[in-house]
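Below: the structure, in structure tokens.
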């Protein structure tokens, strides 16, 4: 593949080139997100805040801030993060520790996942995910020469993952653990870590994961209810059932925006974790496929940027960002469609949530910067070894 | 051999992206499966969940009197119910609601903690309680609009109206008999509700079309009031067990008043004994006693066998028939038929009956409607008892002629008297003159119905004259004489049959049956007082009540007094003299 030949049809804006396809996907998704957050949250907002617009206003505000984050990050040279890899990593670990051990930590729904920053409930696991991606991209590209050695290419990264895992399980946030682990494995795979380490270490993890799943009754119930949600309509299967009903009610063309019923307190978390179900009900299969298509294009652009990047750090960073978003999309959608057991994961760009929106759009900005750097012909080739 | 790391990264990135493409594809296929293949099944499951069937019911019809005054109305009330599955904290909710609903916390908590979808907490609560409970803002409560049946006239015409249950079903009286007309219709509508049980599809529907029909009675509240007061006085003055009175328009058979004492308040029907509910004038048979002489006399005259001035020997107060002896209260020698009625001679009546024979007497009594139901629009009507004349013994013929060995309902008796009053036609008595639908249109109008001609107009005229003498000086019904109006009537004093089947000493049914004014009867009235203790003669016990009812009702109906001025003058003269 030739870098010049498959150069994106990029648009040059004020001296910089934006990947317009990527930008279009992100902005379109964010726009749909604002509309669907309003549709799915207005009844809830009216009940708790006496105004239908509470979540709409906040989502709109964060979208605008997110666009700022995107623009800023797209202008910051991504190599900056190579220097900041460890500080960001330490910051993320610190934030996760603060959730557990400081008074700023907020418990909601049986999990301690948030830091109360006054105007915003900040979710450090979102930052930690980004920190992990940056760290892995940095570390894997730096250690490229000895990447095939267990102690260099594999173990340090697993140790860092282990730290995050411990902190996330303390919340508990099993969904994030799955995402973090998968991201680490994917990046190690892409970064050149031999498959035997990756697969060899996965096998002993399986009984461990099994033990963990079975250790808490609520996780067992979740698993059982995932296998047959209709057997548990009142408790564990409740969300899944109502999510499935939402998709079923939507049919091909949907009930129309705002006309769904499941969001009216039948489907919990309809504006966050289950916003895709509301889309399924109100916009139908057509809407669902358009959303999937948008994410696919977004993913494709991300991989393309990664593959087109001559700088290994940039390539891994782009791949990490892309797979982190893609993974979250796949898991969230899988949960809403009853393909995966329920986890507390949001849908990037669409779900209500400030931290997630800011960080994901920032990440897209970084992705764009990587793409632009390549296009400008910058970036050092990775032929050190 | 060393591979180019960047090539390897590209290759492995491609592998990862292919994996993701497969995942996205799986999701797209799964969405299609849910939304298209399983779509209808899932959406029907969903609909079953939020489509709740709501029954919308109109208002039960109103019962009004002949002038349109309401006697039974349905008013809006709110009942409080709960969906226990939506009550988060049964203890807290019960504790907060208990004092306002005036139900113990324990009872309330038990209801709220049940596993059902729906429990009533309290039916038909007052608006201030509804507001208080709404103010608590407890999720899972339902405020159901219901109608509550109210009888604004309280005890007035209570037994006649009957009552309806809390669910709006007529259980007694007119409420029961006209259930089909009064009953509100309802239809089930599908309403969409959110998970909190709140409806979200528009304003409540108009339900006027579902309202029951109004029932307009022939009863006049004013006449009912006059009748009830007079009856109450008669019963209390004579320390009687109970009493009843019927006022009827002779020309039509329309019942203008139907009074019972002791009263019954249908607003609180639960506080009364079953016996107090009964519309006894219709449901309870009794031995009429001497009032029956009106009809045996009519039979005698109409059959042509006896004339008003035909005379009979009255055996000086004791007449033996087989093993039985018939007595008169006063000893009489020879009396004309007219006098037999005026002085109420039992022996005379027996002689008359012997003259005309059992078959003729039975034929006429049956024609007057005895022994069969009048067909009045009330539940539980009794036909009374008039056995076939072939089974009558020697004494029966005579006894029945003066009202023993035969039982009648008060309504039958009044209707028969009305036939004499209107010139010989038996009219079917009725209580409801019109059925009016929710839009005010009369959908059913009752017109008077002649059952049959019983006696000729001449016979009726003759009987009227005879009955007029009863209330004149020396007659048994003098106390029933009116000022300004001529009155025709007959007293009745029947011994009651005890539980052993024999006549119980000292227990009487005292009655007065008559009509006024004699020239053009506007009212047929029966007053029956059961077991009076102070005095038992029909004329003394029931006569004054008859008089009050007739006098006040004729005034109320603006019936011109015929000779009022003369009577009044005489009265004044006497006072001057005295």
Query raised in the report: Just one of the numbered conditions (1) at pLDDT below 90; (2) away from chain B (no Cβ under 12 Å); (3) in contact with a helix residue (DSSP H, G or I) (Cβ under 8 Å, 6 or more places away or on another chain); (4) surrounded by fewer than 24 Cβ atoms within 10 Å (Cβ to Cβ) is not true of residue A:362; which one?
Result: (1)
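Each row is one residue, and each column tells you yes or no for (1) out of contact with any helix residue (DSSP H, G or I) (no Cβ under 8 Å at 6 or more places or on another chain); (2) farther than 18 Å from residue A:269 by Cα.
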position	(1), (2)
A:29	no, yes
A:49	yes, no
A:58	no, no
A:69	no, yes
A:80	yes, yes
A:85	no, yes
Requested in this report: Could you list all residues from region B:531-555 that are modelled with pLDDT of 85 or more, outside any helix (DSSP H, G or I) and touching a helix residue (DSSP H, G or I) at 6+ places or on another chain (Cβ under 8 Å)?
Outcome: B:532, B:542
Query - Failed criterion for residue A:242 (all others in (1) in contact with a helix residue (DSSP H, G or I) (Cβ under 7 Å, 6 or more places away or on another chain); (2) surrounded by 14 or more Cβ atoms within 10 Å (Cβ to Cβ) hold) - result: (1)
Requested in this report: Please go through region B:335-373 and pick out each residue that is closer than 16 Å to residue B:288 by Cβ and in contact (Cβ under 8 Å) with a residue 60 or more places away in the chain.
Outcome: B:341, B:344, B:361, B:364, B:365, B:368, B:369, B:370
**Report entry** Qualifying position, being more than 8 Å from chain B (Cβ to nearest Cβ), in a helix (DSSP H, G or I) and in contact with a helix residue (DSSP H, G or I) (Cβ under 9 Å, 6 or more places away or on another chain), among A:298, A:316, A:285
**Finding:** A:298
Requested in this report: Of all residues in region B:477-503, count the ones that are closer than 21 Å to residue B:239 by Cα and surrounded by fewer than 20 Cβ atoms within 10 Å (Cβ to Cβ).
Outcome: 5
Report task. Give region B:284-319 a look and list any residue that's without any contact (Cβ under 8 Å) to a residue 60 or more places away in the chain and outside any helix (DSSP H, G or I), or say none. Result -> B:304, B:305, B:306, B:307, B:309, B:310, B:311, B:312, B:313, B:314, B:318, B:319
**Report entry** residue B:282, sole failed condition from (1) in contact with a strand residue (DSSP E or B) (Cβ under 6 Å, 6 or more places away or on another chain); (2) under 20 Å from residue B:406 (Cα atoms)
**Finding:** (1)
**Report entry** Residue count, region A:301-313 (criterion: more than 19 Å from the chain's Cα centre (by Cα) and more than 8 Å from chain B (Cβ to nearest Cβ))
**Finding:** 4
Query raised in the report: Is it the case that residue A:182 is surrounded by fewer than 22 Cβ atoms within 10 Å (Cβ to Cβ), under 30 Å from residue A:108 (Cβ atoms), within 14 Å of chain B (Cβ to nearest Cβ) and under 22 Å from the mean Cα position of the chain (by Cα)?
Result: yes
**Report entry** helices (runs of 4 or more DSSP H) enclosed by region B:21-120 - at least 2 residues per element that are away from chain A (no Cβ under 14 Å) and either touching a residue at least 24 places away in the same chain (Cβ under 8 Å) or touching a strand residue (DSSP E or B) at 6+ places or on another chain (Cβ under 6 Å) (or both)
**Finding:** B:90-101, B:105-112
Query - Odd one out for residue A:260, checked against (1) surrounded by fewer than 24 Cβ atoms within 10 Å (Cβ to Cβ); (2) more than 9 Å from chain B (Cβ to nearest Cβ); (3) in a loop (DSSP other than H, G, I, E, B) - result: (1)
Query raised in the report: Right, residue B:254: in the same structural domain as residue B:557 (by TED's automatic domain parsing), in contact with a helix residue (DSSP H, G or I) (Cβ under 7 Å, 6 or more places away or on another chain) and at negative phi or not?
Result: no
Query raised in the report: If residue B:419 passes every condition in (1) buried (at least 24 other Cβ atoms within 10 Å of the Cβ); (2) part of a loop (DSSP other than H, G, I, E, B); (3) touching a strand residue (DSSP E or B) at 6+ places or on another chain (Cβ under 7 Å) but one, which one does it miss?
Result: (2)
Query raised in the report: Yes or no: residue A:290 at pLDDT 90 or above and either buried (at least 20 other Cβ atoms within 10 Å of the Cβ) or over 23 Å from residue B:33 (Cβ atoms) (or both)?
Result: no
Report task. Considering every residue within region B:203-224, establish whether at least one is in contact with a strand residue (DSSP E or B) (Cβ under 7 Å, 6 or more places away or on another chain), at pLDDT below 80 and either within 14 Å of chain A (Cβ to nearest Cβ) or not in a helix (DSSP H, G or I) (or both). Result -> yes
Query raised in the report: Does any residue of region B:366-379 turn out to be over 27 Å from residue B:260 (Cβ atoms), in contact with a helix residue (DSSP H, G or I) (Cβ under 6 Å, 6 or more places away or on another chain) and not in a loop (DSSP other than H, G, I, E, B)?
Result: no
Query raised in the report: Among the residues of region A:83-111 satisfying the criterion of being in contact with a strand residue (DSSP E or B) (Cβ under 9 Å, 6 or more places away or on another chain) and crowded, with 17+ Cβ neighbours inside 10 Å, which is farthest from residue A:318 (Cα to Cα)?
Result: A:105
Requested in this report: Please tell me if residue A:273 is free of Cβ contacts under 8 Å to residues at least 24 places away in the same chain and more than 7 Å from chain B (Cβ to nearest Cβ).
Outcome: no
Requested in this report: Looking for whichever is outside any strand (DSSP E or B) and under 26 Å from residue A:329 (Cα atoms) here; the options are A:125, A:141. Which one fits?
Outcome: A:125
**Report entry** Only listed residue being on the phi > 0 side of the Ramachandran plot, assigned to a strand (DSSP E or B) and surrounded by fewer than 17 Cβ atoms within 10 Å (Cβ to Cβ), chosen from B:506, B:474
**Finding:** B:506
Report summary line: Within region B:121-141, residues free of Cβ contacts under 8 Å to residues at least 24 places away in the same chain, within 37 Å of the chain's Cα centre (by Cα) and assigned to a helix (DSSP H, G or I) come out as B:128, B:131
Query raised in the report: Among the numbered criteria (1) touching a helix residue (DSSP H, G or I) at 6+ places or on another chain (Cβ under 9 Å); (2) loosely packed, with under 14 Cβ neighbours inside 10 Å; (3) under 22 Å from residue A:321 (Cβ atoms), which single criterion is violated by residue A:119?
Result: (3)
Report summary line: Inside region A:319-359, the number of residues satisfying the requirement of being farther than 16 Å from residue A:134 by Cα and outside any loop (DSSP other than H, G, I, E, B) is 16
Query raised in the report: If a residue has to be modelled with pLDDT under 85 and surrounded by fewer than 20 Cβ atoms within 10 Å (Cβ to Cβ) to count, how many in region B:60-80 make the cut?
Result: 4
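The values are calculated or read from the model by the stated rules, or taken from the named source; none is laboratory data. Since we're looking at a predicted model, the values are computed, not measured. Positions of Cβ are backbone-derived with ideal geometry, glycine not excepted, and every protein chain shown enters the neighbour counts.
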